[in-house]
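To start, the structure itself, in structure tokens.
The values are calculated or read from the model by the stated rules, or taken from the named source; none is laboratory data. Everything quoted here is computed from the prediction, not taken from an experiment. Positions of Cβ are backbone-derived with ideal geometry, glycine not excepted, and every protein chain shown enters the neighbour counts. When the accessible area is computed, the model is the full protein with side chains, heavy atoms only, and any ligands, DNA or RNA have been set aside. Shrake-Rupley method; radii C 1.70, N 1.55, O 1.52, S 1.80 Å.
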Amino acid sequence: WSPELSSDLYRIDGWGAPYFTVNSSGDISVRPHGTDTLPHQEIDLLKVVKKASDPINSGGLGLQLPLVVRFPDVLKNRLESLQSAFDYAVQSEGYEAHYQGVYPVKCNQDRFVVEDIVKFGTGFRFGLEAGSKPELLLAMSSLCKGSSEGLLVCNGFKDAEYISLALVARKLQLNTVIVLEQEEELDLVIDISRKMAVQPVIGLRAKLRTKHSGHFGSTSGEKGKFGLTTTQILRVVRKLKESGMLDCLQLLHFHIGSQIPSTELLADGVGEAAQVYSELVRLGAGMKFIDIGGGLGIDYDGTKSSDSDVSVGYGLQDYASTVVQAVRFVCDRKNVKHPVICSESGRAIVSHHSVLIFEAVSSTTTRSQELSSMSLHSFVEKLNDDARGDYRNLSAAAIRGEYDTCMLYADQLKQRCVDQFKDGNLDIEQLAAVDAVCDFVSKAIGAS
């Protein structure tokens with residue numbers, strides 16, 4: 001066995017890059033600065049666990065497993081990578097506005113995580129997104145120490161207390177946007193803002209036709225649970241105009257779904273939303289921001305596949321370029337000023353930054369049945385002609401030392417025997433015997 005085989009078996013360089021790898025000792029190694037990590041900056045996770053769990057009298061911390069180990073530098077690198085990808089896309093596409101992200105607090109509400117994101121994102125105008133009153137209070141507390149330009153996006157169900165709190169945040173000079181997800185929320189916003197003498201900044205969530213059909217797309221499409229239909233959007237615009245507050249409508253929000261699998265689906269959704277944005281500009285709204293929601297996927301299994309719910313077929317730069325191109329194309333065609341692009345990436349920011357470590361509770365060893373020459377002869381005699389042919393070919397390949405061919409015939413032999421067993425022509429002892437033969441072959445040639 002070797003570190004290389006271990007890395008290959010567990011696909012660490014697929015799902016873990018650029019933050020996790022296997023070092024020369026065969027241990028999991030963390031690269032907190034991604035590809036910019038220097039050799040002396042790598043962290044051997046086994047040494048961290050040993051230091052944390054060893055008794056205090058022997059120099060350890062005496063902590064009990066399970067442990068969550070956090071790497072704030074990974075958070076910092078994720079924020080920098082996301083911003084850098086959009087900055088490059090903006091520059092290369094000739095886009096005439098900037099990108100600024102927000103972190104959805106619901107993704108990880110740990111105080112240290114939220115405070116680190118605000119601290120590391122201050123130079124990027126990074127903000128926070130809240131979906132409930134407790135999250136809003138948490139976000140207000142954190143953003144007081146962040147960028148004055150960072151957005152505080154208020155999503156979720158809103159009662160009078162939530163809206164009042166959001167308007168208090170605006171009084172505190174936080175860049176707060178109340179995003180309408182239900183049409184009836186507008187009346188509350190208008191009434192409470194007048195009573196509090198606060199000019200609100202309003203956004204609305206559009207219910208797009210574009211649908212993400214995967215496991216994480218249940219809230220997308222025109223039959224999704226959240227957002228306003230085109231008819232409702234027009235009624236909101238009309239009511240704001242009648243109230244003399246149409247200039248307060250400044251942000252369009254939408255969400256295709258988490259783990260968007262492909263850039264084709266992303267471009268389709270962003271393009272549709274950009275059309276809605278352009279129409280709101282035409283209707284006289286004071287539009288400034290387009291919030292593309294979440295959806296930036298994580299390649300959990302390392303396959304880089306758009307056909308999997310736990311993978312995506314694109315990288316960070318592909319995602320940013322697709323978004324910027326789609327918005328620019330529609331706005332140029334409609335002769336609309338390019339909006340500030342905002343996204344609400346959660347898992348893409350925090351997923352890599354912490355590791356859960358727990359003790360193995362049990363282990364299993366597989367012991368193959370021992371086969372004597374006589375039992376092997378008896379086993380072969382009961383095989384059908386095709387399976388017996390596979391066995392002969394397997395024996396011949398073994399004598400010639402053709403290991404790949406050995407594995408091919410061993411797999412074929414096993415499948416034919418399984419088929420015979422299902423048809424009732426092979427007993428369970430014989431099925432166990434073929435497993436023993438194939439296991440013996442694998443061990444003999446050192447197959448992983």
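At-a-glance table
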quantity: Nearest-0.05 FRET efficiency for Gln275 and Val380, computed from C-beta distance (R0 51 Å); calculated: 0.15
quantity: The stretch 373-445 - accessible surface per residue (Å², probe 1.4 Å); calculated: 61 Å²
quantity: For the stretch 3-64, accessible area per residue (1.4 Å probe, heavy atoms of protein chains only), Å²; calculated: 63 Å²
quantity: Pairwise label distance in nanometres, Leu5 with Asn335, each label 7 Å out on the Cα-Cβ vector; calculated: 6.9 nm
quantity: Spatially proximal aspartates and glutamates relative to Lys50 (Cα-Cα < 14 Å; intrachain offsets below 8 disregarded); calculated: Asp27, Glu359
quantity: Under 29 Å from Lys443, Cα to Cα: lysines that are on another chain or at least 8 residues apart; calculated: Lys382, Lys414, Lys422
quantity: Degrees between helix 72-93 axis and first principal axis of the chain (Cα, 0 to 90, nearest 10); calculated: 70 degrees
quantity: Computed Rg/Rh of the stretch 3-64, alpha carbon atoms with Kirkwood Rh; calculated: 1.07
quantity: Packing rank of 253-266, 228-241, where each peptide gets the mean count of other beta carbons within 10 Å, highest leading; calculated: 253-266, 228-241
quantity: Qualifying aspartates and glutamates (Cα of each under 19 Å from Cα of Lys119; at least 8 residues distant if same chain); calculated: Asp73, Glu80, Asp110, Glu129, Glu135, Glu149, Glu344
quantity: Point-to-point label distance, Arg194-Asp87, nm (Cα→Cβ direction, 7 Å offset); calculated: 4.5 nm
quantity: Lys145, Lys207, Lys119, reordered so the largest accessible area comes first (probe 1.4 Å); calculated: Lys145, Lys119, Lys207
quantity: Surface share of carbon and sulfur [accessible, 1.4 angstrom probe, percent] for the chain; calculated: 51 percent
quantity: Calculated from backbone phi, Karplus (6.51, -1.76, 1.60) coupling profile of the stretch 49-65 in Hz, x at Gly/Pro; calculated: 5, 4, 5, 5, 9, 5, x, 4, 5, 10, x, x, 9, x, 7, 8, 6
quantity: For the chain, the spread of Cα positions along each principal axis, largest first, Å; calculated: 95, 59, 41
quantity: Packing-based ranking, highest mean first, of 73-81, 355-363 given that Cβ atoms within 10 Å are counted; calculated: 73-81, 355-363
quantity: Cα-based helix-to-principal-axis angle, 160-171 vs the chain, degrees rounded to 10; calculated: 70 degrees
quantity: Efficiency of FRET between Ser243 and Ser354 - r from beta-carbon atoms, R0 51 angstrom, step 0.05; calculated: 0.65
quantity: Ratio Rg/Rh [Cα only; Rh per Kirkwood] for the stretch 373-445; calculated: 0.95
quantity: Folded to 0 to 90 degrees: helix 316-334 orientation relative to the chain principal axis, Cα; calculated: 40 degrees
